[in-house]
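Undergrad: Dropping the structure in here first, questions after.
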Amino acid sequence: MTDAPSERTRVKRLNKRAHYDEATVHAILDAMPVCHVGYVFKGSPVVTPTLQWREDDHLYWHGSSASRMLEACNGADVCVTVMILDGIVMARSAFNHSCNYRSVMVFGKAFMVTDPAEKEDRLKTFTNRLFPGRWDILRPVSAKELKATTMLGLSLEESSAKVRTGPPGDDEEDYGLPIWAGVLPVQLQVLLPTDDPRLLPGLAPPAHVTGFRIG
């Protein structure tokens, strides 16, 4: 990706919040695995939530080979978005309420990862990115499972980030009003793990589970 945005990645509304540098885009994608994929299916717009992961200057997502999303996205223009909500901004007027957030939009043509070895390697990266070391303790994936999985990739060449931080921005004359204003911080909380009812006796959650964080 480059620091010079293309026409469709250029942030037009509140462009002072725009970031086009690689470090900002990568950090947001790495912090939030949940994404939304926008595409056209049989002439109608569709947005599908799924999980994504980044490897170098590409992001990837996967699903069932029977998925209409994966079928429609291969070789087609898509828009993938990621957003992290960091706070609700409460102002002195309804119009000036806002959110603190970190977001990324990525445009481009999605491509399918077809080589089984590459597909398995990228799934390993995805799993270990979320839970370091977990792939190696799991049952090996089967050829049937790999065949039933479709994986798509997308270059980050056309991507941009938009970030808001800080207190509300009220009109100057409103700061003297007796109305509470400020920020309600928001954080995605990971709770304690619960055991599978059929878990073998004596097994405790490993460190990559108890230490998992998101956002």
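Undergrad: Taking the range 23-37, which residues are among the β-branched types (Val, Ile, Thr) and either over 19 Å from residue 78 (Cβ atoms) or in a helix (DSSP H, G or I) (or both)? Talk me through it step by step, then tell me what you get.
TA: Step one: filter the range 23-37 for residues among the β-branched types (Val, Ile, Thr), giving 24-25, 28, 34, 37.
24, 25, 28 - these are the residues of the range 23-37 that are among the β-branched types (Val, Ile, Thr) and either over 19 Å from residue 78 (Cβ atoms) or in a helix (DSSP H, G or I) (or both).
Undergrad: Answer yes if at least one residue in the range 86-103 is outside any helix (DSSP H, G or I), over 30 Å from residue 172 (Cα atoms) and at pLDDT 95 or above, and no otherwise. Before you say what the answer is, go through the steps one by one.
TA: Residues of the range 86-103 that are outside any helix (DSSP H, G or I), as a first pass: 86-93, 97-103.
Checking which are over 30 Å from residue 172 (Cα atoms) leaves us with none.
Within the range 86-103 (the criterion being outside any helix (DSSP H, G or I), over 30 Å from residue 172 (Cα atoms) and at pLDDT 95 or above), the answer is no, since none of the residues qualifies.
Undergrad: Being surrounded by 12 or more Cβ atoms within 10 Å (Cβ to Cβ) and within 26 Å of residue 23 (Cβ to Cβ), is that true of even one residue in the range 191-207?
TA: Step one: list which residues in the range 191-207 are surrounded by 12 or more Cβ atoms within 10 Å (Cβ to Cβ), which gives 193, 205-206.
Right, trim to within 26 Å of residue 23 (Cβ to Cβ) and you get none.
The answer is no, given that none of the residues of the range 191-207 is surrounded by 12 or more Cβ atoms within 10 Å (Cβ to Cβ) and within 26 Å of residue 23 (Cβ to Cβ).
Undergrad: Which one is nearest to residue 78 (Cα to Cα), of the residues in the range 1-22 that are among the acidic types (Asp, Glu) and at pLDDT below 85?
TA: Our first condition is that a residue be among the acidic types (Asp, Glu); within the range 1-22, this holds for 3, 7, 21-22.
Remaining after also requiring at pLDDT below 85: 3, 7.
On the way: 3: 21, 7: 15 Å.
Ranking the qualifying residues of the range 1-22, first place goes to 7.
Undergrad: Further question: May I ask you to list the residues in the range 189-214 that are touching a residue at least 60 places away in the same chain (Cβ under 8 Å) and part of a loop (DSSP other than H, G, I, E, B)?
TA: Step one: filter the range 189-214 for residues touching a residue at least 60 places away in the same chain (Cβ under 8 Å), giving 206, 208-209, 212, 214.
Those that are touching a residue at least 60 places away in the same chain (Cβ under 8 Å) and part of a loop (DSSP other than H, G, I, E, B): 206, 212, 214.
Undergrad: Could you grab me the full set of residues in the range 107-121 that are touching a residue at least 24 places away in the same chain (Cβ under 8 Å) and part of a helix (DSSP H, G or I)? Steps first, answer last, please.
TA: First pass over the range 107-121, keeping only residues touching a residue at least 24 places away in the same chain (Cβ under 8 Å): 107-113, 116, 119-120.
Scanning the range 107-121 gives 116, 119, 120.
Undergrad: Show the residue pairs that are 6+ apart or on different chains and have beta-carbon atoms under 6 Å apart, the first residue being within the range 161-174 and of a type outside the set (A, V, I, L, M), the second being assigned to a strand (DSSP E or B).
TA: Short answer, once both residue conditions are applied: 162/18; 162/103; 164/100; 164/101; 165/100; 168/89.
Undergrad: Restricting attention to the range 151-187, report how many residues are loosely packed, with under 13 Cβ neighbours inside 10 Å and assigned to a loop (DSSP other than H, G, I, E, B).
TA: At the first step, the residues of the range 151-187 found to be loosely packed, with under 13 Cβ neighbours inside 10 Å are 165-166, 169, 171-173, 175-180, 182, 184-185, 187.
After this cut, where a residue has to be assigned to a loop (DSSP other than H, G, I, E, B) as well, the list is 165-166, 169, 171, 175-180, 187.
Looking only at that region, the number is 11.
Undergrad: Considering every residue within the range 71-82, establish whether at least one is within 13 Å of residue 106 (Cα to Cα), outside any helix (DSSP H, G or I) and in contact with a Gly (Cβ under 6 Å, 6 or more places away or on another chain). Step through it out loud before you land on a result.
TA: As a first pass, look at the range 71-82 and keep what is within 13 Å of residue 106 (Cα to Cα): 77-82.
Keeping just the survivors that are outside any helix (DSSP H, G or I) gives 77-82.
With in contact with a Gly (Cβ under 6 Å, 6 or more places away or on another chain) added as a condition, the list becomes 79.
Within the range 71-82, one or more residues are within 13 Å of residue 106 (Cα to Cα), outside any helix (DSSP H, G or I) and in contact with a Gly (Cβ under 6 Å, 6 or more places away or on another chain).
Quick grid of which residues meet (1) out of contact with any Lys or Arg (no Cβ under 9 Å at 6 or more places or on another chain); (2) polar (S, T, N, Q):
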| site | (1), (2) |
| --- | --- |
| 35 | yes, no |
| 64 | yes, yes |
| 100 | no, yes |
| 118 | yes, no |
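The values are calculated or read from the model by the stated rules, or taken from the named source; none is laboratory data. Source: prediction; values computed, not measured. Backbone-built Cβ (ideal geometry, glycine too); neighbour counts: all protein chains shown.
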